[in-house]
Amino acid sequence: MSRPLDGVTVVTLEHAIAAPFCTRQLADLGARVIKVERPGTGDFARAYDERVEGMASHFVWANRSKESLTLDVKQPEAQAVLEQLLAKADVLVQNLAPGAAARLGLSFDALHERFPQLIVCNISGYGEDGPYRDKKAYDLLIQSESGFLSVTGTPEHPAKAGCSIADIATGMYAYTNILAALLQRGKTGKGSNIDVSMLESMVEWMGYPLYYAFDGAPPPGRSAAAHATIYPYGPFQAGDGNTVMLGLQNEREWTVFCEQIMEQPALATDERFVSNSKRSENRAALQVLILERFASLTADQVVERLENAHIANARVNTMADVWQHPQLQARQRWTSVPSPVGELPALLPPGRTNAYTPRMDAVPGLGEHVEAILRELGKTPAQIEALRAAGAV
């Protein structure tokens, strides 16, 4: 079956996570993604670690189904190759250092007259203008700048997210903006300029704590793995030392919890706990009561009782647990993709559809597709060798 982005070509000058995560999702939908990398070293995320049979974990995750073309884009010969690629491309994505794309002549204004159909997506820390325009940005720095660290962690210590949440948010907004731009181009025939900033992407995800702190009100406190403003909603240890995560969302569930789990119906009308705000204010006292009840039960028994009472719950899984998660296995969400080090497991993209199968092709080796792409552009073997000799590819 055809895929939604079959026939769409994306050229990307990308590194790290935000742009590669965006373009990998475009590739999932069928787009041809040509990843332009620095000769010799490539995307610096290739060297983050060696955890996947010698390949970097970040790189394997964010770069399947792409073609790797090494180009030294500062050399005229390489710039000519890039120009040929852009003439046939639908989308250019870049997350180079601030100002670098413009210096290379890759701004939307510089390209639009020659390639009016081209969509240009610029991903940066703070956006194309404003006082922070030239400021360097990395994931943890944006977690901090956006206020995320101020509401995450313990009362004593802020904590970062365990994954690259700011990069992921930015990649998602770049991805959806590109899809919207392709639809818009279908109406107008013209490409457009997309400016996606990490700060704005992350601040959008901070909407709840921002509004909770509206007009100078106190913000949500840092509450470790518990919810800052809903209680009981968080981790509780059972008698066998294992932890169960549970969440109550309304007063009906609170009554059921008191009756069926705590086996103390009077708690439901205890003045300290009669509303969510009261329970949140008195969480220390309520936590003691819950832990006392759970102390006589194993985690499996707690989960069973919560399930029978239709109370939301989850296990605190490790990475090893997630690799073996029974729900992912039952829904056949794991497949495999080729790579320079052999077949590797890969999770199918979220969103199962009967309209098409997602593209799940190889993680590319550095410069793996140089010769094939240059031949496609009409270069002769002698010309390709000359480009190699000059260090342009």
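What to note about this one:
- Condition met for Thr170 (closer than 20 Å to Leu26 by Cβ, among the β-branched types (Val, Ile, Thr) and in the same structural domain as Gly127 (by TED's automatic domain parsing)): yes
- Check on Asp195, at pLDDT below 95 and either at negative phi or not hydroxyl-bearing (Ser, Thr, Tyr) (or both): no
- Within the range 142-181, tally of residues that are within 13 Å of the chain's Cα centre (by Cα), surrounded by 15 or more Cβ atoms within 10 Å (Cβ to Cβ) and not in a helix (DSSP H, G or I): 1
- Unmet requirement for Asp129, which otherwise passes all of (1) free of Cβ contacts under 8 Å to residues at least 60 places away in the same chain; (2) touching a Pro at 6+ places or on another chain (Cβ under 8 Å); (3) not β-branched (Val, Ile, Thr): (2)
- Strands (runs of 3 or more DSSP E) completely within the range 240-351 that count 2 or more residues being under 30 Å from Ser68 (Cα atoms): 334-337, 344-347
- Residue count, the range 145-181 (criterion: closer than 20 Å to Arg133 by Cβ and at pLDDT below 95): 0
- Out of Arg359, Arg293, Arg305, sole residue that is basic (Lys, Arg), surrounded by 16 or more Cβ atoms within 10 Å (Cβ to Cβ) and over 21 Å from Leu246 (Cβ atoms): Arg359
- Residue match in the range 215-226 (condition: in a loop (DSSP other than H, G, I, E, B), in contact with a strand residue (DSSP E or B) (Cβ under 9 Å, 6 or more places away or on another chain) and over 26 Å from Ala295 (Cβ atoms)): yes
- Residue check, Ala97 among the small types (Gly, Ala, Ser) and touching a strand residue (DSSP E or B) at 6+ places or on another chain (Cβ under 8 Å): no
- Looking only at residues of the range 1-54 that are farther than 23 Å from Ala87 by Cα and small (Gly, Ala, Ser), we find that the one that is nearest to the chain's Cα centre (by Cα) is Ala18.
- When the test is whether a residue is over 30 Å from Val256 (Cα atoms), within 21 Å of the chain's Cα centre (by Cα) and crowded, with 16+ Cβ neighbours inside 10 Å, Ala320 does not pass it.
The values are calculated or read from the model by the stated rules, or taken from the named source; none is laboratory data. This structure is a prediction, so every number in the text was calculated from the model and none was measured. Because the Cβ atoms are built from the backbone with ideal geometry, glycine has one as well, and the counts that use them run over all protein chains shown.
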